[in-house]
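Asks: Before I ask anything, let me first share the structure, which is written out below as structure tokens.
The values are calculated or read from the model by the stated rules, or taken from the named source; none is laboratory data. Quick caveat, the model's predicted, so the values are computed rather than measured. For neighbour counting, all protein chains shown are included, and Cβ atoms are generated from backbone atoms with ideal geometry for every residue, glycine included.
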């Protein structure tokens, strides 16, 4: 994966969810440069517990929380590379025109889509920040020296560990 490095923010987001407890933990790791990303030098990490009803909602909240942090801190960047294991997030921008043209109504059930609030919020943030969305395989035991994989695995383990602690 050859990604630009000039003032690039590397952002990893993940969520973990317990159906039996109806809670999720969302988190992100932010690296302020290619060098920091490769060395694993985290600029900011954050975890947050949510009372939710699906893993998708927690994954979206992780991405939203991370992008809102960039705005609130007025971070200087030329590019944002966002990594997530949630295909619903990485594929959402391709679905935008259709979702908006149908006013977020399900074509099959003719009812409002369940996650419309999160879709709209993510669209607003992506309009403002223009992150490049990157899908990365989650829950991998890959021990390679690939910094993208290593950084995501760190976040994945941290989020799952915090969820287990919240469920006790």
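Asks: Considering only residues that are buried (at least 17 other Cβ atoms within 10 Å of the Cβ) and either in contact (Cβ under 8 Å) with a residue 40 or more places away in the chain or not in a loop (DSSP other than H, G, I, E, B) (or both), which ones fall in region 51-67?
Replies: 56, 57, 58, 59, 60, 61, 62, 63, 64, 65, 66, 67
Asks: Restricted to region 120-138, and to residues that are surrounded by 12 or more Cβ atoms within 10 Å (Cβ to Cβ) and part of a loop (DSSP other than H, G, I, E, B), which residue is modelled with the lowest pLDDT?
Replies: 138
Residue-by-condition table, conditions (1) closer than 19 Å to residue 167 by Cβ; (2) in contact with a helix residue (DSSP H, G or I) (Cβ under 6 Å, 6 or more places away or on another chain):
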| position | (1), (2) |
| --- | --- |
| 7 | no, no |
| 35 | no, no |
| 40 | no, no |
| 44 | no, no |
| 53 | yes, no |
| 64 | no, yes |
| 67 | no, yes |
| 77 | no, no |
| 87 | no, no |
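Asks: Looking at 64, 105, 89 in this structure, which one is over 18 Å from residue 138 (Cα atoms) and under 15 Å from the mean Cα position of the chain (by Cα)?
Replies: Residue meeting the stated conditions: 64.
Asks: Of the conditions (1) closer than 22 Å to residue 54 by Cα; (2) over 14 Å from the mean Cα position of the chain (by Cα), residue 122 fails just one. Which one is it?
Replies: (2)
Asks: Is it the case, given these coordinates, that residue 11 is surrounded by 19 or more Cβ atoms within 10 Å (Cβ to Cβ), touching a helix residue (DSSP H, G or I) at 6+ places or on another chain (Cβ under 8 Å), at pLDDT 95 or above and part of a strand (DSSP E or B)?
Replies: Here the answer is yes, as residue 11 does meet what is asked.
Asks: Another question about this same structure. Within region 139-168, restricting attention to residues that are surrounded by fewer than 16 Cβ atoms within 10 Å (Cβ to Cβ) and touching a helix residue (DSSP H, G or I) at 6+ places or on another chain (Cβ under 7 Å), which residue is modelled with the highest pLDDT?
Replies: 139
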